[in-house]
Structures are given as structure tokens and as C-alpha cells.
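Each remark here refers to the structure printed beneath this line.
The values are calculated or read from the model by the stated rules, or taken from the named source; none is laboratory data. Quick caveat, the model's predicted, so the values are computed rather than measured. Backbone-built Cβ (ideal geometry, glycine too); neighbour counts: all protein chains shown. Surface accessibility is based on the protein's heavy atoms, side chains included, excluding ligands, DNA and RNA. Shrake-Rupley method; radii C 1.70, N 1.55, O 1.52, S 1.80 Å.
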Amino acid sequence: MRETLKRRGWLAALGAAAAGLWGSWILAWPLAAAAAGPEARLTPAADLQAEARAAAHSGFPLVLMFSRQDCPYCITVRRDYLAPLTRIPRFKQVLVRQIDQDRDTPLRDFQGRPTTHAAFAASQGIRLVPVVSFHGPGGEAVAEAIVGARLPDFYQSYLENALTGQP
């Protein structure tokens with residue numbers, strides 16, 4: 001009988017500890033999710049001609065991110081690299097816009113012609129996303145596009161090199 005009580009005490013203590021850990025996780029999960037922040041949003045492109053000129057006045061190229069709603073790598077690039085970019089003092093004036101490859105959102109292209117996000121992405125040969133491209137005031141590419149999510153350890157360097165004109 002004494003053995004049974006000892007065993008039950010041990011099992012009860014183990015069960016209580018497990019319940020405490022589970023309960024702590026349940027309470028902490030919303031806090032961890034909030035700390036991670038909501039999915040970063042970028043301003044959708046509307047008038048590439050005007051946006052490219054505005055970007056040129058800031059001394060940087062217009063940064064376009066080609067994305068899809070169902071792309072987890074796009075979320076990572078937006079959240080971890082592009083959205084925080086303007087919080088870096090030397091890149092505060094960088095203009096970043098998003099082109100949604102899977103949407104028919106109205107858009108004016110670099111020549112001022114009406115099109116849509118999906119049609120513009122197709123005209124640029126974008127098939128896989130994410131793609132981050134860099135454009136001068138006339139819409140010309142001024143740096144090599146960053147295709148895919150690449151290596152996380154180097155992505156920030158790829159981005160900064162493209163913005164500053166370094167190879």
C-alpha cells in the first residue's frame with residue numbers, strides 16, 4: 001500500500017509539472033506570437049513612373065518586390081529585410097514597393113501606361129518569387145535582382161550592395 005501511494009505521489013507530481021509546463025506554454029504562446037509581430041506589409045506599387053522619379057530624388061533606386069500571397073519566402077523577405085530597411089539610418093529614404101504577381105491590381109508602368117500587377121510581373125519575366133529588383137528613374141535596372149530567398153546570413157549584404165551600387 002505504501003509503495004502504491006509513493007508511486008501515485010510521483011505520478012501526481014509528474015502530472016502537475018507537465019500540466020504546469022503545458023499551461024505556461026498556452027499562456028506564453030500569444031505573447032511570443034505578438035513579439036514576432038504581424039506579417040510585414042509593403043506599399044503596393046501604383047505608379048512606377050512617379051515612384052521611380054521619387055526614389056531617384058532620394059539618391060536610391062526604386063526597390064520592387066515581386067511577391068505572391070501564398071509565398072512563405074516572400075513573407076520572410078518582407079518581414080526580415082525590406083520592411084525594416086528604412087529603420088537603418090542610411091537607408092531611411094529608400095522607396096520600396098510591392099508588385100503582387102497573383103493580383104490584377106491597377107498599375108501604371110515605367111512609361112505611364114495602364115497595366116496590372118500580374119501583367120507587369122509577366123512582362124518582366126517573373127515566374128518564381130520572391131524577386132527584389134532595383135530601378136533607376138526611367139525604369140532601367142541599376143543592379144542585379146535578388147532572386148529567391150538566398151542565404152539568410154548574406155541577404156542583408158546583397159540588399160545593401162544593390163542599394164549602394166557595390167558588386
- Query: When only alpha-carbon atoms count, how far does segment 55-167 stretch along each of its three principal axes, as whole angstroms with the largest first?
  - Reply: 34, 32, 23
- Task: Sticking with the crude label model, points 7 Å out along Cα→Cβ, report the distance from residue 93 to residue 145 in nm, one decimal please.
- Result: 2.7 nm
- Kirkwood hydrodynamic radius (Cα pairs, Å) of segment 102-153? 12.3 Å
- Query: How much accessible surface does residue 102 have with a 1.4 Å probe, in Å² rounded to 10?
  - Reply: 60 Å²
